[in-house]
Amino acid sequence: MGCRCVAPVDITLYRAPGSVEGRDARQYFDRKGVACEDVDVTSTPDALQQMEALSGQTERPVIVVDGKVLVGFSPSLLDPIVPSLF
């Protein structure tokens, strides 16, 4: 079986640790085998303000994929833009 190579993607996940949607998003990236920067907005200085500046809100997880800002977790929106190693 050959190597399945995918282009690197810059992903940042802004989330609160108790968020179900945030947990589901983290698991989604883990299942796809892609790395993402996981930012806890409750303990990282200025992270909540960064998330609000990017998305205009402070609710739900915010996912930034190569500069594209997505509010909330939606696999149907992520699947076309996030490569999978599996």
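What is the mean projected area of the alpha carbon convex hull for the stretch 16-71, to one decimal in square nanometres? Mind dumping the intermediate values first?
Working: hull surface 14.9 nm².
Across all orientations, the stretch 16-71 yields a mean hull projection of 3.7 nm².
Which of Q57, G67, Y28 sits farthest toward the positive end of the charge dipole of the stretch 16-71, with +1 on the Cβ of Lys and Arg and -1 on the Cβ of Asp and Glu?
Value computed over the given set: Y28.
Give me the angle, in degrees from 0 to 90, between the Cα long axis of helix 20-32 and the longest principal axis of the Cα atoms of the chain, rounded to the nearest 10.
In the chain, helix 20-32 runs at an angle near 20 degrees to the longest axis.
Add -39500 (n - 2.57) for each DSSP H run of 4 or more in the chain, then divide by its residues: what number comes out at 222 nm, to the nearest 500 deg cm²/dmol?
So the calculated ellipticity at 222 nm is -8500 deg cm²/dmol.
Is there a quick way to get the dipole size of the chain? I mean about its Cα centre, with the Cβ of Lys and Arg at +1 and of Asp and Glu at -1; what is the value in debye to the nearest 20? Could the numbers behind the result be given before it?
Details: 8 positive and 12 negative charges, 68 e Å.
The dipole of the chain has a size of about 320 debye.
Modelling each spin label as a point 7 Å along the Cα-to-Cβ direction, I'd like the T58/E21 distance in nm, to one decimal.
1.6 nm
Report the local net charge at R31: Lys and Arg +1, Asp and Glu -1, summed over other residues whose C-beta lies under 14 Å from its C-beta. Write out the running numbers ahead of the final one.
On the way: positive: R23, R26, K32; negative: D24, D30, D79.
It works out to a net charge of 0.
The numbers here are math on the coordinates, done by the rules we state, and not lab data. In this text, all values refer to a predicted model and were calculated from it rather than measured experimentally. Don't worry about glycine lacking a Cβ; one is built from the backbone with ideal geometry, like all the others, and counts go over all protein chains shown.
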